[in-house]
Amino acid sequence: MMISRNLFFILITVLVLMFAAGCVEPGMEIASSSNPGVESSLTPFMVDGDSFTLAWNPAEPEDLLGYNVYYRVHETDTWLFLTDCTEAELLVSSAMLPGGDYEFAVSSFTATEESALHTSLDATANPDTGWYLTWIQ
């Protein structure tokens, strides 16, 4: 079964954080799926405080186990694993990630496969021009 590629990113404030077992380890690097440095008309979101929530439209496979969430410093090449979760949202706290400029990506996974990354730079992101986060703590 193909995993749904219809994930959209929406930046929301303070929701509940849920974790589940995943297929990758924190800090694990993966290959880039977007072109860093191609900024065109990206929308910067300014956030201050100790936490923020990322949310996306849920994937639809019946055998879905959860989502892997990745980040990278804005305009760099390497995606780093942040955490996994079972819900289509993630509360990111200062204990998980320091303040800075970040891009985010999410993939859905089943017991046998992981989808391609859907990034905050994709045309399916909200806004569709793409976005990155400037987090001031």
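The values are calculated or read from the model by the stated rules, or taken from the named source; none is laboratory data. Keep in mind that this is a model prediction, so the values were computed, not measured. As a convention, Cβ positions derive from the backbone with ideal geometry for all residues, glycine included, and neighbour counts pool all protein chains shown. Ligands, DNA and RNA are excluded from the accessible area calculation, which covers all protein heavy atoms including side chains. Shrake-Rupley method; radii C 1.70, N 1.55, O 1.52, S 1.80 Å.
Just a few scattered comments:
- Filtering the range 83-94 for residues that are more than 18 Å from VAL47 (Cα to Cα) and touching a His at 6+ places or on another chain (Cβ under 9 Å) leaves an empty set.
Here's the yes/no breakdown for (1) crowded, with 18+ Cβ neighbours inside 10 Å; (2) within 17 Å of ASP101 (Cβ to Cβ):
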site	(1), (2)
PRO44	no, yes
GLY49	no, yes
TRP56	yes, no
GLY66	yes, no
TYR70	yes, yes
THR76	no, yes
TRP79	yes, yes
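- Every residue from the range 122-137 that is touching a strand residue (DSSP E or B) at 6+ places or on another chain (Cβ under 6 Å) and hydrophobic (A, V, I, L, M, F, W, C): ALA125, TRP131, LEU133, TRP135, ILE136
- In the range 48-80, residue farthest from SER107 (Cα to Cα) [restricted to those that are outside any strand (DSSP E or B) and among the acidic types (Asp, Glu)]: ASP50
- Filtering the range 102-121 to residues that are over 20 Å from SER51 (Cα atoms) and either of a type in the set (A, V, I, L, M, F, W, C) or surrounded by fewer than 20 Cβ atoms within 10 Å (Cβ to Cβ) (or both) leaves PHE109, THR110, ALA111, THR112, GLU113, GLU114, ALA116, LEU117, LEU121.
- Close pairs from the range 100-117: first more than 13 Å from THR83 (Cβ to Cβ), partner open to solvent by less than 50 Å² (accessible area, probe 1.4 Å) and among the basic types (Lys, Arg), Cβ under 6 Å, at least 6 apart: GLU103/ARG72
- Some residue of the range 116-134 being of a type in the set (Phe, Trp, Tyr), more than 10 Å from the chain's Cα centre (by Cα), within 21 Å of PHE45 (Cβ to Cβ) and not in a loop (DSSP other than H, G, I, E, B): yes
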